1. Taking the alpha carbon gyration tensor of segment 118-192, what are the square roots of 5 times its eigenvalues, largest first, to the nearest whole Å?
2. What are the radius of gyration and Dmax of segment 270-461, computed over its Cα atoms and given in Å?
3. What does the charge count around V50 come to, taking other residues whose C-beta lies under 11 Å from its C-beta (Lys +1, Arg +1, Asp -1, Glu -1)?
4. Nearest 10 degrees is fine. How inclined is helix 119-132 to the longest principal axis of the chain, computing both from alpha carbons?
5. Can you tell me what percent of all Cα-Cα pairs in segment 367-485 are more than 23 Å apart?
6. Taking each pair of distinct Cα atoms in segment 20-153 once, what is the resulting Kirkwood hydrodynamic radius in Å?
7. Pop out the carbon and sulfur fraction of the accessible area of the chain as a percent, whole number, probe 1.4 Å.
8. For segment 279-290, what does the Karplus curve 6.51 cos²θ - 1.76 cosθ + 1.60, with θ = phi - 60°, yield as ³J(HN,Hα) per residue in whole Hz, taken in order and with x for Gly and Pro?
Amino acid sequence: MSLFTDIKLPTGETYKQPIGLFINNEFVKSHSDELIETINPTNGELITSVYAANEQDIDIAVKAAREAYETKWSKTSGVERGELLYRLAELIEQERDILAKIDSLDAGKPYESNSQSDLSQIIELTKYFAGYSDKIKGSYLPISDEKFVYEIKEPYGVVGQIVPWNYPLAMASWKIQSALAAGNTIVIKSAENTPLSLLYFGQLIVKAGFPPGVVNIISGLGSIAGSAIASHEDVDKIAFTGSTQVGKHIQQAATSNLKAVTLECGGKSPSVVFKDSNLSNAAKWSALGIFYNTGQNCTANSRILVEEEVYDEFLTLFQEEIKKNWIVGDPFDDKTTVGPLISKVQLDRVQSYIKHGEEVEKLSKLEVGDSAIYKEQKGWFQNPIIFKDVPTDSKLFQEEIFGPVVTITKFSGFEDGLTKANNTKYGLGSAVFTNNIQKAHKFGRGLKAGTVWINSSNDEDIRASFGGYKLSGIGRELGESGIEVYTQTKAIHVNLSEE
Ligand code: NAD
């Protein structure tokens, strides 16, 4: 089997897709010759198969990353790393359209928003970390006349990275670009469902001029390839984005050589709407917060809490907003803002929660939008669903659904709102809507979450840190933290005296 295949996009163009493992700047077959299939979620048809790595392949990739680190990358200056990353940003910009189309094909992401929003973020963060590469500095500690200490930030060395399917290229870019800027070499594994964009990206790594072995891209099963990266004795740090359940496995596997660990895990984020807020704005942001990416978003505000006095008014505005702007359909149709879910497994999972809400908990369900549109399609479509008056002990209020399903719950005043907002085991993102400035900041401080949005939702900025409290994770990415998590500190003690 060849290492490249021609793929015809729904737009009619054909492009060349690499399907091998990307090691030492080359696409190679896996040792076992095993393949994994990747399926188009819009129609359930096979797109192609890619080579899947086993433990032996991971070992080879880690050796390539180690060799590249010791012989080349650790000797490369911050200025040189920055130049390579700038070149990479230019190449991503040039190939923006095809990269967006690949993820729309492979992950069902609406092309329009993927190309505009996700790819813009990837380009912006690549430039941001390019600029950071030569600004990583340490500190000086005067001790006495003849003694001082200076502390320097050093890369870990070889970093393992494991990413999910919901933002295939964006989640990988959050990790790759910052780790490279900090001076590490990388072995990264894509999710089983979405290997294509990251393999294509490997070609840009070569064109940008990164030395062989600096970035190694692996496709494969989590239980085999992911697990082998997490437990590998020569990987110095592991960074993972995915479910909390797998995050716990990664943390355990990482104890083999006490790897440093960053985990970006699940969430059950609230959007809290006070009666003194701009309600149409709150409805607009809350809808974006849950329905962007078909609700397959770790910070999806899947619980909306509304102050009781404005509950009915908000609900009406929220439904109008969904009907107007959250349209289910083919990801390559310009009007579509809600594409299919990633897989049949995910669709079944989401629908089992809907069934549970209706049949077991007897919750009041509102179905929004024209369900006929998606029912005609062969893919894994689900239109937006609202469950109203949901109690805090409901399974739907407590568990991450990862689909276009939102619960709405009343609250009464500041304390009740805060208690309900914090009433889950997760703590990733939270949104609060109020026009009272004191209340907004006090509430923001009271929220147990790594990110708080005041009068917006899911409005990330790559210059700010991102990460979770509680079961949502350990460590931060992006912003200055993006460099911090990929460096370790060395204290060098200097004695100027003769004694
Ligand atoms: P997942 O945990 O099933 O898989 C994530 C990655 O881990 C995949 O690459 C998978 O192959 C790999 N993996 C699976 N089992 C493994 C194992 N035993 N050892 C090593 N690697 C293994 O998650 P998913 O279904 O791909 O993504 C959805 C989840 O990701 C949701 O819970 C979501 O909240 C979370 N997520 C979090 C963030 C964040 O930044 N906090 C961002 C996006 C997604």
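The values are calculated or read from the model by the stated rules, or taken from the named source; none is laboratory data. Remember, predicted model here, so these are calculated numbers, not experimental data. Cβ: placed from backbone, ideal geometry, glycine included. Neighbour counts: every protein chain shown. Protein only, heavy atoms only, side chains kept; ligands, DNA and RNA dropped before computing areas. Shrake-Rupley method; radii C 1.70, N 1.55, O 1.52, S 1.80 Å.
1. Details: eigenvalues 228, 43, 12 Å².
They are 34, 15, 8 Å, listed from largest to smallest.
2. Just the Cα atoms of segment 270-461 yield Rg and Dmax of 15.8, 50 Å.
3. Numbers: positive: K29; negative: E34, E37, D106, E192.
Taking every other residue near V50 into account, the sum is -3.
4. 40
5. Details: 3064 of 7021 pairs.
Summing the P(r) of segment 367-485 above 23 Å gives 44 percent of all pairs.
6. Values: mean 1/r = 0.0536 Å⁻¹.
About 18.6 Å, per the Kirkwood formula over Cα pairs.
7. Details: 9790 of 19880 Å².
That fraction is 49 percent.
8. The phi angles translate into 5, 5, 5, 4, 5, 5, 5, 5, 5, 4, x, 9 Hz.
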